[in-house]
1. Contact list please: Cβ distance under 6 Å, first residue in segment 246-261 and without any contact (Cβ under 8 Å) to a residue 60 or more places away in the chain and within 12 Å of Thr236 (Cα to Cα), second residue surrounded by fewer than 24 Cβ atoms within 10 Å (Cβ to Cβ) and not β-branched (Val, Ile, Thr), pairs at least six apart or on different chains.
2. Restricting to segment 356-365, what's the tally of residues that are under 20 Å from Leu18 (Cβ atoms) and surrounded by fewer than 17 Cβ atoms within 10 Å (Cβ to Cβ)?
3. Please go through segment 325-346 and give me each residue that is out of contact with any Gly (no Cβ under 9 Å at 6 or more places or on another chain), surrounded by 14 or more Cβ atoms within 10 Å (Cβ to Cβ) and not aliphatic (A, V, I, L, M), ordered by number.
4. Do you know which residues across segment 22-43 are surrounded by 19 or more Cβ atoms within 10 Å (Cβ to Cβ), assigned to a loop (DSSP other than H, G, I, E, B) and of a type in the set (S, T, N, Q)?
5. From the list Tyr99, Tyr92, Tyr70, exactly one residue is without any contact (Cβ under 8 Å) to a residue 60 or more places away in the chain and either part of a helix (DSSP H, G or I) or among the basic types (Lys, Arg) (or both). Which is it?
6. Please indicate, with yes or no, whether at least one residue in segment 140-148 is of a type in the set (Phe, Trp, Tyr), surrounded by 14 or more Cβ atoms within 10 Å (Cβ to Cβ) and farther than 20 Å from Leu204 by Cα.
7. Here are Ser64, Ser7: which of them is surrounded by fewer than 20 Cβ atoms within 10 Å (Cβ to Cβ) and under 30 Å from Lys280 (Cβ atoms)?
8. Anything in segment 239-261 that is among the aromatic types (Phe, Trp, Tyr) and either at pLDDT below 95 or surrounded by fewer than 24 Cβ atoms within 10 Å (Cβ to Cβ) (or both)? List them, or say none.
Amino acid sequence: MKERYLSLDIFRGLTIALMILVNNSGFGDFTYAPLKHAKWHGFTPTDLVFPSFMFAVGVAMRFSFKPYNYQLTPELRGKIIKRTLLLFLISYLIFNFPYIDFQLSHLRILNVLQRIALAFCAVSFLTLKVDRKYLTYIGSGILLAYWAIMWFFGERGAEYDLMTNAARKFDLMVLGAGHLYHGEGIAFDPEGLLSTLPSIVTTLIGYLTGYYLQESKNERLTKVNKLIAYGFFLITIALIWNLAFPINKKLWTSSYVLLVGGIDLVVLAVLIWIIDMKGKTGWTKFFHIFGMNSIAAYGISELLAISLNKAKVREGDGIISLSDWIYWHVFKPTFGYYNGSLMFAITFVLVCWIFCWVMYKRKIFLKV
């Protein structure tokens with residue numbers, strides 16, 4: 001590694017902290033709009049969090065392959081496959097906890113960690129086997145192909161609607177309704193199989209960013225300026241493409257990929273300037289601890305959230321989840337409806353951070 005960028009760890013930690021925050025801030029309608037996903041087309045800050053982590057995975061991949069001289073050795077091939085399978089296994093263990101009502105016929109096959117795993121695996125083999133000068137063309141080809149598939153196989157006039165889009169049709173055909181997410185009221189998976197295709201490009205953009213940071217002979221200020229320029233270029237293309245292929249996180253549309261990639265480039269450039277160039281690191285420790293144990297932080301947050309929702313408390317003549325009880329009896333009376341929801345989420349993040357801090361102090365780092 002020619003240079004060490006603390007900003008990369010902070011970027012990854014920031015995305016994990018925000019992911020935990022937005023995943024645990026909803027109590028009925030009492031959630032501030034920026035902490036909600038867009039209902040369908042369009043985007044909110046929340047819609048930028050998950051793909052930003054996938055971008056960060058791509059950046060880190062470039063640096064992690066250096067000990068192998070960027071060659072697909074048998075050892076590295078084995079590690080790539082092992083990490084991919086481990087992420088699948090970890091996801092199934094987390095999201096089926098506590099395994100009491102587990103039904104194989106209703107197992108959700110794909111989820112957040114599976115999407116990360118598939119993108120990691122695809123980008124690993126792609127970047128280690130294909131010359132870098134072709135990667136941009138391949139990424140562009142994937143995005144154009146996804147657009148064509150969505151348009152051609154979607155219902156005419158409603159190609160990008162919830163019920164009639166090609167991604168849903170493909171997932172129903174290949175995976176079956178019982179193995180899809182039902183949070184939209186129907187069988188539709190925002191982490192489905194077909195929409196994983198453009199998510200590969202999200203991670204690929206991160207990898208190419210890591211390549212530029214590592215290999216470019218430019219001074220850091222020049223790198224920062226170029227990252228910002230590339231970022232605004234992608235944002236511009238995304239906004240234009242949005243007119244024909246709407247920005248949509250749940251479909252992971254091609255315009256959405258470019259929008260997130262552009263924003264991430266700008267944010268990372270700013271972090272490099274603040275942290276690595278100006279040396280202003282006093283505020284970074286919190287996010288650094290998350291960044292050093294990102295998978296553990298995410299796993300802890302999901303297990304804690306599931307536990308709080310599965311645990312039941314008697315409330316009057318009924319029964320509610322422990323998380324709801326804590327909100328209604330602790331946070332809502334103290335802070336009000338919306339601020340109570342926000343403070344619950346912030347407290348949740350802090351609890352997860354404490355676990356990661358203990359792991360950090362004991363030098364326990366979960367490397368998948």
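The values are calculated or read from the model by the stated rules, or taken from the named source; none is laboratory data. None of these values were measured; they are calculated from a predicted model. Cβ atoms come from the backbone with ideal geometry, glycine included; neighbour counts cover every protein chain shown.
1. Hits for this filter: Ser255/Ala238; Ser255/Trp241; Ser255/Asn242; Ser255/Phe245.
2. The qualifying residues number 1.
3. Trp325, Phe335, Tyr338, Asn339, Gly340, Phe344
4. Asn24, Ser25, listed by residue number.
5. The conditions single out Tyr92.
6. No.
7. It is Ser64.
8. Hits for segment 239-261 are Trp241, Phe245.
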